[in-house]
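The values are calculated or read from the model by the stated rules, or taken from the named source; none is laboratory data. In this text the structure is predicted, and so the values were computed from the model without any measurement. Please note: Cβ atoms are built from the backbone with ideal geometry, for glycine as well, and neighbour counts cover all protein chains shown.
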Amino acid sequence: MDSLLAAQNDPTSPLYHHYLTTEEFNAQFAPTQDDWNAVAKYARGQGFKVTEDGKDRTTNHLIVNASGTVEMANKAFGITIQNYNLKGRIVYQPNHDPLVPKSVYSLIKNVTGLNNVGTYHRLDQQHRLRQAHPRQGPISGYTPNDLRAAYDINPLLQAKNNGKGQTIALFEMDGYNQKDIDIYRQHYGLGALKPDEVLVDGATNTAGAGAIEVELDMEVASAIAPGAAQWVYIGPNTVTGVENTYNRIVSDNKAKIVSISWGECELTSTAAQMRDTLNTIFKQGTAQGQMFFAASGDSGAYDCDNTINNPTTVSVDTPASDPNVIGVGGTTLHTGPNGSYGSESAWNGTTGQGGGGFSARFPRPDYQKTLNPPGINPLPLQRFVPDVSANADGNPGYSIYYTSGNTTNPGWTAVGGTSAAAPLWAGIAADIAQMLQAKNPPALSQFNKTLYTLYNQPQSYIPFHDITTGTNGYYPADKGYDLATGLGSPDAWNIARDLQSDPVSNVRTLLTKNTSFEDKSVDWKETSSGGYELVSVNNPHIGLYSAYLCGYINCHDTISQTVQIPRATSQVTLSYWVDIVDPEPTNKFRVLLQTTQGKLIKTVRELQTANGNGWIQYTDDVSDALKPYAGKSIQIVFDASGSSTPQSPFAVNLDDVSLQQVSDTSGNTTQMMKKPSFDQGKTPWQQSSKGGLQLINKNFPRTPDTYSAYMCNYPNCQDSVAQTVTLPATTRNIILSYWVYLGRSNTTGACSNTFRSYVREPGSGGRTIASIQKLCSTDANGWMQYSFNLNSTLMSYAGKPIQFVFETSAQTNGRTNFYVSLDDVLLYVTR
């Protein structure tokens, strides 16, 4: 199943975002009826009463439900169930793990229900506190309008994306009062809701002590996605009840969005139950395109605080810790004028803190491999929690209407907790899913991985509020991902627009070559009335070389480069650094765009010599001027002329010239490089090292404790990594992007140590198709990202295999070794 899940999230796979029906899953992965019958037969033989499979329509044959006495269990599993005192609570559990005979050993992955140490608890906090600046709600909690304004949900609703056509499943361990839901929705103008109710294992919809949790879920989901249908799954609060309720949700497969506001300390669940039972259920849901939002807990970094006699043990909540579940943490939200977003900090109040930390049961999933959260050293290899967050502070809390259970103050109340944040995220997902439902393949499925893609790759709109203040009682919030608030809280409209847009819509590709003149005048054309070479070591901005124009009497120097403008272009910018020396009013420096025949397209900028003031960067938008030249070649010309005296020579230093464009693409864009960050094995990357070295390693990755391609760092080296890709026959746009780090050597020559990227026909001796980039050791400037539009060179190879090669070579000795680290190589292809 793991390979299927990977393929469903791999843009190069034909299974990308193609999810299974329940019937398809059962046919491919579920135990057979014969398997289930064999286990049921064994249970009956031990005296247990077996609930017939299919009674609750869980057709995946995953669970055999059996009931019997303690004596039956002791005999059947070779155990002794005993009572224990746990913080004043009498609990029972077996003296060791259960044993089963060989005849059914291969069929049974886990036996649950033999202890009651761990039970699910609500993750809500009820308060009647009032804020200094009261909200509009009847009890001063956050209203639907407040939440929509703070988390930028209103644009979705205004575009009629209110969750209509989507279904949210609510996992519950108690009943609810429909009249409370009706009053809430009527008060806030949300329309009527007739939820579907699914009762599991004999549970009833009788509002008990936990009814406030159920109604909180239903009302918060209503506030954010009033048009979404709600299916309320109610099961008994037992180990088997929990498993059967989750299993019913995935077997029904009615809802693609699931909200879970109940959980327990991870350490009170056995590893077998979490990995073999619950994880299998969540994997099935993920394979079917379902997403699960689970509250991360209200005990900060100490989720076991209420159940284990050691409050100093850091721990997290299940099921938020499962890698196929989106763990939702807690914040304290401060709103601005008209309820707009103001600021947030990690939730750390007197009644609760946002759950977060690292799992004791699950390894870190691929989508978290590059994270390096603060407050933890050494970095563990386990799954990090939470993934995202939202307001959980009960002051002012969420405004809800509640009269059920054993409440002594029926009516309007304010409630907090991460159990409010989970249905908020589920509601946002429903709104976005409606907006994106026409996109093929759907962009919202496997949403946990999607969220990290939004975080790791540049986006047109900032998807998360990065929370950088506060702690959850142990782990601090900080810039980027942290264990207190995860990736941050949602900007719903930005997330929706990022997912709707093409992934390369904001990637700026470089059109100029040898931008810093470190390969001297290669790719540049020089003309000098004084007969001088213009590229020199006179006064570089960065590196060893720059273009030095004029510097003599009655000078006229130009340096130019011919570039091709891609056909699909929405924006083009020209950027360059200039240092004008000894300015005089009669001297000029001009930046021009010309046709290849020398006809002026535009004078981009004319600098009088009075502008001289050291190195200054200029950036000009030349989109309109170059729009008629899409698909054609043009010239960028830098022209200096002066009549200065010998005592005051006019000169211009020019460096770091880049012409960048943003592609105007529409269609289906996929990232086609496999293992772009070199993690999880070396195939399909091909390595070649003159020194016989293993190039894919952890020597110098862009993100700590991950991999990169680390080349050279030995005398007279020549190393390369390459990957073969077949471009789709219908390719319309090709963008290559990568990060590179140049380890500067002590060379004083021009480009004796180099990094090159190019495309060739497959095979070590394949013909070179196109040169993409050449960098010299003197280009070294830390980790740098480069992106290139390859339409003009590779479009004729659509439907054919080609090989991308990244090569490093050096002529250094053992004391001045040059090295290069390559990471995050992405190939975006639009069809």
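Here are the numbers for this structure:
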| item | result |
| --- | --- |
| Residues that are within 26 Å of THR812 (Cα to Cα) and either outside any loop (DSSP other than H, G, I, E, B) or modelled with pLDDT under 90 (or both), drawn from the stretch 656-691 | ASP656, GLN686, GLN687, SER688, SER689 |
| Residue count, the stretch 536-548 (criterion: among the hydrophobic types (A, V, I, L, M, F, W, C) and modelled with pLDDT of 95 or more) | 1 |
| Test result for PRO363, out of contact with any Ser or Thr (no Cβ under 9 Å at 6 or more places or on another chain) and either over 25 Å from ILE428 (Cβ atoms) or crowded, with 19+ Cβ neighbours inside 10 Å (or both) | yes |
| Filter result for the condition that a residue is of a type outside the set (S, T, N, Q), crowded, with 21+ Cβ neighbours inside 10 Å and more than 16 Å from LEU534 (Cβ to Cβ), over ILE601, ILE565, ILE580 | ILE565 |
| Condition met for SER623 (closer than 30 Å to THR830 by Cα, surrounded by fewer than 17 Cβ atoms within 10 Å (Cβ to Cβ), in contact (Cβ under 8 Å) with a residue 60 or more places away in the chain and not assigned by TED's automatic domain parsing to the domain that holds LEU790) | no |
| Selected residue (only one of ASP824, ASP779, ASP719 is on the phi > 0 side of the Ramachandran plot and among the acidic types (Asp, Glu)) | ASP824 |
| Condition broken by GLN457, with the remaining ones in (1) of a type outside the set (Gly, Ala, Ser); (2) surrounded by fewer than 21 Cβ atoms within 10 Å (Cβ to Cβ); (3) closer than 27 Å to GLN230 by Cβ satisfied | (3) |
| Test: residue in the stretch 205-222 that is surrounded by fewer than 22 Cβ atoms within 10 Å (Cβ to Cβ), without any contact (Cβ under 8 Å) to a residue 40 or more places away in the chain and over 28 Å from LEU107 (Cα atoms) | yes |
| Any strands (runs of 3 or more DSSP E) falling wholly within the stretch 557-628 and containing at least 2 residues that are polar (S, T, N, Q) and farther than 25 Å from PRO540 by Cα | 569-581, 588-595 |
| The stretch 478-491, residues that are at pLDDT below 95 and of a type in the set (Gly, Ala, Ser) | GLY480 |
| Condition met for THR307 (at pLDDT 90 or above, in the same structural domain as TYR398 (by TED's automatic domain parsing) and hydroxyl-bearing (Ser, Thr, Tyr)) | no |
| Qualifying residue in the stretch 783-800 (condition: within 22 Å of CYS717 (Cβ to Cβ) and among the polar types (S, T, N, Q)) | no |
| Number of the condition not met by TYR84 [criteria: (1) at pLDDT below 90; (2) touching a strand residue (DSSP E or B) at 6+ places or on another chain (Cβ under 8 Å); (3) buried (at least 17 other Cβ atoms within 10 Å of the Cβ)] | (3) |
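The rows are residues; the columns are (1) more than 26 Å from ILE802 (Cα to Cα); (2) in contact with a Gly (Cβ under 9 Å, 6 or more places away or on another chain); (3) assigned to a loop (DSSP other than H, G, I, E, B).
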{"position": "LEU693", "(1), (2), (3)": "no, no, yes"}
{"position": "PHE700", "(1), (2), (3)": "yes, yes, yes"}
{"position": "THR706", "(1), (2), (3)": "yes, no, yes"}
{"position": "ALA709", "(1), (2), (3)": "no, no, no"}
{"position": "TYR714", "(1), (2), (3)": "yes, yes, yes"}
{"position": "ASP719", "(1), (2), (3)": "no, yes, no"}
{"position": "LEU775", "(1), (2), (3)": "no, no, no"}
{"position": "GLY782", "(1), (2), (3)": "yes, no, yes"}
